[in-house]
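The structure appears right after this line, and notes come after that.
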Amino acid sequence: MPRSPLPPREGISATALRAPGGKATHAKNHLPVPDSIGEWLESEFPEAAPESRRALLTDGDLRDEAGHPVTWDDQVIPGGFYFFHRPVPPEERIPFEVGIVFEDEDLLVVDKPHFLASTPNGRFVRECVVTRLRVDLDQPDLVAIHRLDRITAGLLVLSKRPETRGRYQRLFQDRRVHKTYRALAPAPPADMEFPLVRESRLVKPVGGRQVLEVAGESNATSRIRLVRTITTRTSVSGAAWPPQREGSDHEQRDRWEGERGAPPRRGVAEYELEPVTGKTHQLRVHMNALGLPILGDPVYPVDLAPDPYDFTSPLQLLAAEIAFDDPLTGVSRRFESGLGLDPAAVSSDPGETR
């Protein structure tokens, strides 16, 4: 697809639309070519109001791939690309900020907070890292060259210049980037040995939110290492533990939990995760398959259909480190996140079935 002749508007890229017909292979090349732009737009957007379709030419600034404005009665270029700005309604702000980790003339490395999308996607077009930073930094060419799930926090690498973008994108495509994640999850059973490797075949059903492990040749590999075990200081009820009583620290907590009728507390552990491949939800699926679902995960093991504006239980998964050899200079680069994990930020007990 050719580069859009329209610059982003309010940080939002123009939408591309391809006309029917033409000699190149594409999804609509077998369809008849309409007699005019207006007829084509009527067939593309049959449910839109007539004034909304005409607004694509005016408010949307519809142009062909050469950047020429088009009119309602213009002929359609068979198989040609057209670009326009679609209307994007306001969005409620996600109340977390993006942190700058590193910047040079080609790259911008940031710490993405939990709950903020990496790129425009579905419900979130304005409220994502790319759109925000294009506006805040006045850098309309910013593009994320990989992605993080909306509810995962940590390092995200963005390209600033189209001229060098492809070289960096190839690093990720060719798996020449070493990524390390940290996660909090239930402590493992005593007989589970680390480090371990989880390999499986992952498939995302159409229309489903959960990614499934299925039989067949493996397409996803994760390395998992136990870093440490820790003890949470929040009861299953969610009430804070008050330590101001007589007796040892553990005696106080045990007595207090017993008074509240709480079940025995479960341990939490910190893990280091290395995705060898990059499938959707890969680390979350593999940890869940091991019986170690990551704390705060609203989809695994049970899809809770979470409200995207519920910020009470952040997923305890952090993209902690990214390292690669710079394709332009050959210099080894390594970036570390300034964010951390917090078991107290999760509203449910790690031993509780979600």
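The values are calculated or read from the model by the stated rules, or taken from the named source; none is laboratory data. Because the structure is predicted, anything quoted here is derived from the model rather than measured. Don't worry about glycine lacking a Cβ; one is built from the backbone with ideal geometry, like all the others, and counts go over all protein chains shown. When the accessible area is computed, the model is the full protein with side chains, heavy atoms only, and any ligands, DNA or RNA have been set aside. Shrake-Rupley method; radii C 1.70, N 1.55, O 1.52, S 1.80 Å.
Data for the structure
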item	result
Summed residue charge, Cβ within 15 Å of E92's Cβ, Lys/Arg positive, Asp/Glu negative	+1
Radius 15 Å from Cβ of S159, net charge of other residues (Lys, Arg +1; Asp, Glu -1)	+2
GNM top mover of V109, V206, V299 - the chain, alpha-carbon springs below 10 Å	V206
Whole-Hz ³J(HN,Hα) from phi, Karplus 6.51 cos²θ - 1.76 cosθ + 1.60, for the stretch 158-172, glycine and proline x	10, 9, 9, 10, x, 5, 10, 4, x, 5, 6, 4, 4, 4, 6
Accessible surface of the chain, 1.4 Å probe, proportion on carbon and sulfur as whole %	49
Mean residue ellipticity (222 nm) of the chain, computed from DSSP H runs ≥ 4 via -39,500 (n - 2.57), nearest 500	-4500 deg cm²/dmol
Answer label for Rg and Dmax of the Cα atoms in Å (calculated), chosen among (1) 24.2, 77; (2) 20.4, 62; (3) 24.7, 86	(3)
Nonlocal amide H pairs with D297, under 5 Å, H built at 1.01 Å	Q316
The chain: most fluctuating residue of I145, I77, I322 per GNM, C-alpha cutoff 10 Å	I77
Amide H contacts under 5 Å for A269, placed H, 5+ residues apart	A185, A187, I230
Label point distance in nm, T25-S43, each placed 7 Å from Cα along Cα→Cβ	2.3
Over the chain, relative contact order from alpha-carbon pairs under 8 Å, at least 6 apart, %	15
Relative contact order (%) - the stretch 90-165, alpha-carbon pairs under 8 angstrom, separation at least six	33
Max mean-square fluctuation residue, GNM over the chain, Cα-Cα springs under 10 Å, options L283, L17, L107	L17
Rounded to whole Hz, the Karplus (6.51, -1.76, 1.60) HN-Hα couplings of the stretch 278-286, x for glycine and proline	x, 6, 4, 6, 3, 5, 5, 5, 5
Additional length obtainable on full extension of the chain from E10 to E105, 0.36 nm per residue less Cα span	32.0 nm
Those aspartates and glutamates that a straight Cα-Cα span of less than 14 Å connects to K112, excepting residues fewer than 8 apart in one chain	E97, E127, D149, E321, E336
Calculated from backbone phi, Karplus (6.51, -1.76, 1.60) coupling profile of the stretch 201-213 in Hz, x at Gly/Pro	9, 10, 9, 9, x, 4, x, x, 8, 7, 8, 10, 8
P(r) histogram, all alpha-carbon pairs of the stretch 111-175 included - 5 Å bins from 0, percent	4, 18, 26, 25, 18, 7, 1
The stretch 267-351: chymotrypsin sites (Phe, Trp or Tyr not before Pro) falling in loop per DSSP and having at most 15 other Cβ within 10 Å	Y309, F311
Rounded accessible area per residue of the chain, 1.4 Å, Å²	52
GluC sites (Glu not before Pro), loop per DSSP, at most 15 other Cβ atoms within 10 Å - longest free stretch of the chain	247-351
Convex hull of the stretch 168-235 built on C-alpha atoms - directionally averaged projected area, nm²	8.2
